[in-house]
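Single-structure report; data block below.
Any read-out appearing in this document is the output of simple, stated calculations on the displayed coordinates, not a laboratory observation. Keep in mind it's a predicted model, so treat the numbers as computed, not measured. Here Cβ is always computed from backbone atoms with ideal geometry, including for glycine, and neighbour counts include all displayed protein chains.
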Amino acid sequence: PATLVWFRQDLRVQDNPALAAAVTRGRPVIPVYILDDAGEGRWPMGGASRWWLHHSLAALDQALRSRGSRLVLARGESGAVLRDLIKATGADAVYWNRRYEPAVIARDKGLKAGLDVEALSFNSALLFEPHTIRNKAGAPFQVFTPFWKHCLTLAVEEPVKLRGGDLPSPMSWPRSLELGALGLLPKIPWDGGFAAAAAPGEAGAMSRLKQFTAGAMDDYADRRNRPDVLGTSALSAHLHFGDIGPRQIWAAVKATTKGSGVFPPNRGAQVFLSEVGWREFAHHLLFHFPHTPEAPLRMDFAAFPWVQDSVKLRAWQQGRTGYPIVDAGMRQLWATGWMHNRVRMIVASFLVKHLRISWQAGADWFWDTLVDADLASNTLGWQWTAGCGADAAPYFRIFNPILQGLKFDPEGDYVRRWVPELARLPAEFIHQPWEAPMDVLASAGVTLGRTYPHPLVDHGEARDAALAALATIRRAK
Ligand code: FAD
């Protein structure tokens, strides 16, 4: 009898404990992927994620075929599909790697109990699984620094190696859908810029990691906040879909020490690993506070007087707020499915503070448009920005989008790239075109209100209104 390996967010061959265990079991291995939207609860994958998934599945199938195997594709309720496959193939075991979203945990638990074959799950996605980490009082951590300090006292496992050679295959393969039949690619081609920005799949992830550890990593501490340079790893979607695992990242950083014994080898590597730590923290929070994708962790924020304004929300989504750094970020997101972390913080802050539109509306938009949309990290990012999450930036600290632009995109190159209608403005005005003298605007071909919008709100007024809104929940407390 065969072993089914149920792939989910672990779309790789190496460092895949479920696959490795199935191979070790010594029976034929049947790799399966099931598209199960209902199993994701309120959070079925958004459009951009589906684009990534399509290409990542294609890459996984190719990698499996190079080992004499293949990926069986199905669609439907996971339990029913697995039971059908067990019947069709005579498999007597199902192995998979764990996920941590509340709806998925509940589904997997029920499914495990309902299968009458051996069902084993493994850890492939995290360095430190949430159920294994507690503070001294036995409670979950809610502040990053002590969380990460604690984690760093624990051992990180080595990646699981799958040796070369063919995977043991069944005599005959069960029926599979064609990849195209999953309908993951957009019907309207809005994905033109995606492929140029990323190469989904295991090979793409490994080459990205190699490039980063040999290059930008050393300067990461200084350059990670600069959206105008390629200063970060751009591994987030690879990590989300499991094209790569954090243990492989850890091992690759370790390998750069070349046996010097100094780990992490420099400040860049140390800060980079701590960002990978934020991803761990995000999963810790989601696991222990499963209501947070929908509701604030800090309950006083449940009464925050958010504004409903579909016109302003639309302007934000489309990158037409009149604040160049905000618009550049939102357009980068639309064009490539990814946005730089500093700019994510700026655009998120603009939505929840300058426009006072709820963080949930922002999180929903990111969910649909990010290729790396991840329930844990997206929830943490939005609640952090809105001041209502664990270890969050206080709501009263309001980013000034002009100063943020001048500081982190000092030459304006990032804005020039994504807001081309401002490209000919000199650096001193590119983050505040309304301050430019008429002749400067004219010679740059900019007419405010026509070629580029006037600011949607005035920074000072918006700031005052945000603080006044905050005061209402403070008073209510
Ligand atoms: P690097 O700087 O190279 O970092 C390496 C890895 O560490 C990343 O790939 C990512 O997995 C992890 N990481 C880095 N920063 C964070 C962070 N703040 N929180 C959690 N993990 C982090 N990240 C997502 O993966 N999915 C999301 O849906 C998501 N939504 C976000 C929403 C908001 C409002 C904000 C402010 C941040 C969000 N982030 C999200 C976190 C962060 O912006 C991205 O992980 C990062 O920009 C990815 O780029 P990178 O791979 O080059 O990161």
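Brief remarks on what is shown
- Put simply, when 440-447, 47-54 are sorted by average Cβ atoms within 10 angstrom per residue, most first, you get 47-54, 440-447.
- Label-to-label distance, Asp300 versus Lys187, with points set 7 angstrom from Cα along the beta-carbon direction: 4.8 nm.
- Karplus-derived 3J(HN,Hα), 6.51/-1.76/1.60, for each residue of segment 455-470, Hz, glycine and proline x: x, 5, 9, 7, 4, x, 5, 5, 4, 4, 5, 5, 5, 5, 5, 4
- The simple spin-label model puts a point 7 Å past each Cα toward its Cβ; for Thr472 and Asn341 those points are separated by 3.4 nm.
- The C-alpha atoms of the chain define a longest principal axis, and helix 359-369 lies at about 60 degrees to it.
- Spin-label proximity, Gln270 to segment 218-238 - amide N less than 12 Å from point 7 Å beyond Cα toward beta carbon: 221
- Alpha-carbon centroid distance for the pair segment 259-287 / segment 387-404, whole angstrom: 23 Å
- The chain: angle of helix 102-114 to the longest principal axis, Cα-based, in degrees nearest 10: 10 degrees
- Highest mean first, the peptides 374-383, 14-23 sorted by other C-beta atoms within 10 Å per residue fall in the order 374-383, 14-23.
- Close amide H partners of Ala91, meaning residues 5 or more places away or on another chain with modelled amide H under 5 Å apart, are Ala2.
- Of Lys87/Lys161; Lys210/Lys258; Lys210/Lys407; Lys112/Lys161; Lys87/Lys112; Lys149/Lys258, pairs whose Cα-Cα distance is over 21 Å: Lys87/Lys161; Lys210/Lys407; Lys112/Lys161; Lys149/Lys258
- A straight line joining the Cα centroids of segment 136-196 and segment 407-421 runs 33 Å.
- In this simple spin-label approximation, Ala196 and Lys87 carry label points 7 Å from Cα along the Cα→Cβ vector, and these lie 5.0 nm apart.
- Net charge of neighbours whose Cβ lies under 14 Å from the Cβ of Pro17, counting Lys and Arg as +1 and Asp and Glu as -1: +2
- Sorting 179-192, 264-277 by average packing, meaning the other beta carbons within 10 Å per residue, from highest down gives 264-277, 179-192.
- Taking a point 7 Å from the Cα of Glu157 along the Cα-to-Cβ direction, the residues of segment 247-289 with backbone N closer than 15 Å to it are 247-251.
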